[in-house]
């Protein structure tokens, strides 16, 4: 298949062409790397968030918004549909790169990860990218620095001026949109963790509400996780049956049933200490080709309303 980074570069170019319309910013670092600000110092919005989510999936997913309700209140929802979920969601969209330098820290997602391909998922999906440009999305409350771009360039084996970094805060509209777009990715990744072959996931469709933007990053991280764990709905078409599909939805976790602000607070905001099972979507339907259809989990509007602060 074509390079994920080549396809994502076209989307980065689109953002650069329409910065004013999208209310995003763009500038070059001293080493020539390009930063596109989707929601750090620039405000961005729903359309910017959708384009950012497309970039994260390298254009292999169709994304749109709709309006639905949470406890009687209208909210935008993001819908994602994908026919190449193993590559698009695990190989690109997953936030698997913890980028850290002396002057910058951010969580990386997007196709530049496939140029490095050190995560176990790449062996499972049998994909490694090769391209002269690297496109990475970075979730952080600060804009990327030259040292961050240098690290990406070194690991991806490209020149610094060939690095494109899409930056956003969790506490931004774009951050809420891209989080809501992860419902299907969470389901596919959870299956991978349980030992299922991700290449047997044939289609993935997901939706989740866009969380209200709070005033700080911790509250935003909690709300975006609430949106997925208590409001995310996913449909998967798979090639093979599996005896652990019921472990995919968040309700299978022991600590299920509390807003994430409380869950993270109990663990001093160390996400790694939280039961990994709670990071699944709320509701999952698995349609096995030629076999049964499983309807698992369920949406919890009461917990969504509590986490979102719906009065």
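Quick notes
- Of 151, 283, 93, the one that fluctuates the most in a GNM where the chain has Cα springs shorter than 10 Å: 151
- Difference of contour (0.36 nm per residue) and Cα-Cα distance, residue 21 to residue 254: 79.4 nm
- Among 101, 237, 170, residue whose mean-square fluctuation peaks in a GNM of the chain (springs only between Cα atoms under 10 Å): 101
- Ellipticity estimate at 222 nm from DSSP helix runs (n ≥ 4, -39,500 (n - 2.57)) divided over the chain, nearest 500: -9000 deg cm²/dmol
- Just checking the listed ones, 271, 239, 134: in the Gaussian network model of the chain with Cα springs under 10 Å, the one fluctuating most is 271.
- Against the chain, whose longest principal axis is taken from its Cα atoms, helix 46-56 shows a tilt of about 80°.
- Alpha-carbon geometry of region 134-290: the Rg and the Dmax are 17.3, 52 Å, given in that order.
- Based on alpha carbons, the Rg and Dmax found for region 32-175 are 15.5, 51 Å.
- Shape category assigned to region 97-187 from the gyration tensor of Cα positions, a/c cut at 1.5: oblate
- A protection proxy built from the mean count of other Cβ atoms within 10 Å ranks the segments 118-126, 35-43, 190-198, most packed first, as 35-43, 190-198, 118-126.
- Here is the tail figure for region 160-200: Cα pairs spaced more than 14 Å apart come to 63 percent of all pairs.
- Prolate is the label for region 163-227, because a/c, from the alpha-carbon gyration tensor with a ≥ b ≥ c as root eigenvalues, is 1.5 or above and a/b exceeds b/c.
- Rg and Dmax of region 1-88, Cα atoms only, in Å: 14.9, 50
- Rounded, prolate or oblate (a/c below 1.5 giving rounded, otherwise prolate when a/b exceeds b/c) for region 221-311 by Cα gyration tensor: prolate
- Between helix 4-17 and the chain: long-axis angle, C-alpha atoms, 0 to 90°, nearest 10: 70
- The angle between the Cα long axis of helix 146-156 and the main principal axis of the chain comes to about 70°, on a 0 to 90 degree scale.
- Counted over region 4-308, the DSSP beta bridges are approximately 70% antiparallel.
- Panel values: the chain, Kirkwood radius from alpha carbon pairs, Stokes-Einstein at 25 °C and 0.890 mPa s, translational diffusion coefficient 128 µm²/s.
- Length released on extending from residue 203 to residue 118, taking residue separation times 0.36 nm less the Cα-Cα span: 28.1 nm
- The alpha carbon centroids of region 189-239 and region 45-109 are separated by 10 Å.
Bear in mind these aren't lab numbers, they're just calculated from the coordinates by the rules spelled out. This structure is a prediction, so every number in the text was calculated from the model and none was measured. Counting neighbours? That spans all protein chains shown, and the Cβs are built from the backbone with ideal geometry, glycine included.
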